[in-house]
1. Using Cα pairs under 8 angstrom and six or more residues apart, how large is the relative contact order of the range 16-168, in percent?
2. How large is log10 I(q)/I(0) at q = 0.20, 0.24 Å⁻¹ when the Debye formula is applied to the Cα atoms of the range 33-150, each weighted equally and without solvent?
3. Mind giving me the FRET efficiency for residue 103 and residue 68? R0 is 35 Å, r the Cβ-Cβ distance, nearest 0.05 is fine.
4. Loop-only check: which trypsin sites (Lys or Arg not before Pro) in the range 72-164 are DSSP coil with at most 16 other Cβ within 10 angstrom?
5. How long is the gain from residue 164 to residue 133 if the chain were fully straight, where each residue apart is worth 0.36 nm and the alpha carbon distance is subtracted?
6. Given a 1.4 Å probe and every protein chain left where it sits, what share in percent of the accessible area of the range 54-126 is carbon and sulfur?
7. Considering only 84, 104, 67, whose Cα is most displaced toward the positive end of the charge dipole of the range 58-209, charges sitting on Cβ of Lys, Arg (+1) and Asp, Glu (-1)?
8. Quick check on the range 67-206: take the gyration tensor over C-alpha atoms, sort the square-rooted eigenvalues as a ≥ b ≥ c, and tell me if it's rounded (a/c under 1.5), prolate or oblate.
Amino acid sequence: MSSLPEHDETGARPDPEALALPRAAALVLWSAAYLRGDIGPDDAAVLSQGSGHRQTTGGGEDLFDWMTGLRRLPLAQVHLVLPVAGRIAGLVGPPEAVASALEAEQAIVVSAAGMADHTLVPLTDALGPDGTRGTLVSWRRIPARGGAPAPVPSSGGARDQFLRSLQRAASGTVELDLVPEEAIGLQALPATWTSVPLPRHVGPAAEHLLTLAARTLLLADQELDTGSALTRGLGEETERREVLRDLRDGAREALTETVGLVIADELG
């Protein structure tokens, strides 16, 4: 077990502004940069782990070995999945892979020559009472069932729907405590998220969408957890939660779609 080293900027833009992302999203972006030949596996593995709040690594799948193993797969591809109950498109069996991904609300499905090879899921455990000493981060690799097809890429449209949901929320009468234009501090990140620099091939349009979707997803989740009809009328609270759920679901789909487009070199 060892504390994560401070990352350098090898393979990242000069003086990058770190972005809060689900750990699986961060690893997908940096593993794709490695597969592109932009960065070595050692640097990509370190950068992908980011700067989570008091995080420590130990056990589970070694990310350097996992990265180099991707090169040995024929036509390897990495797919980000951000599942929740009732929305599990993109996941592949066995059932333990689906259950693990749902618990973490994120996973990476790796495919080879169009067929699913395995699922990789981040695992986090609190160190000390209530996590006061930090978080232990590891990764679980679960082989796919034989013959399972690779996840189908998004058909598009999620980003536009998400932007429309932001506009509806902004023009509505429900008061929300969401400010996605502001950066989110490490101490406010859940254990399954981290703060990372983006690979240099991520263009301004993609960076903007990633930032907006990730922050909205995180903030909407937090608002849904803290809402209470005791401080608002029941009708107002019900409407507020509907707006937040719309934003959260739209942000999740937009984040997944944008990561997919970035690694497919379809969005600069």
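1. Value for the range 16-168: 22 percent.
2. Normalising to I(0) and taking log10 leaves -1.17, -1.40.
3. Numbers: r = 28 Å, r/R0 = 0.79.
After rounding, the FRET efficiency stands at 0.80.
4. Details: sites: 72, 87, 133, 140, 141, 145, 159, 164; in loops: 72, 133, 145.
In loop regions of the range 72-164 (DSSP not H, G, I, E or B), the sparsely surrounded trypsin sites (Lys or Arg not before Pro) are 72, 133, 145.
5. On the way: separation 31, 0.36 × 31 = 11.16 nm, distance 4.10 nm.
Gain in length upon complete extension: 7.1 nm.
6. On the way: 1690 of 3200 Å².
Taking all protein chains in place, the range 54-126 shows 53 percent carbon and sulfur surface.
7. 67
8. Working: a/c = 1.76, a/b = 1.28, b/c = 1.38.
Oblate.
The values are calculated or read from the model by the stated rules, or taken from the named source; none is laboratory data. Predicted model, so just to flag it, every value in this text is computed and none were measured. All Cβ positions, glycine included, derive from the backbone under ideal geometry; neighbour counts span all protein chains shown. To get the accessible areas, we keep the full protein, side chains included, count just its heavy atoms, and leave off ligands, DNA and RNA. Shrake-Rupley method; radii C 1.70, N 1.55, O 1.52, S 1.80 Å.
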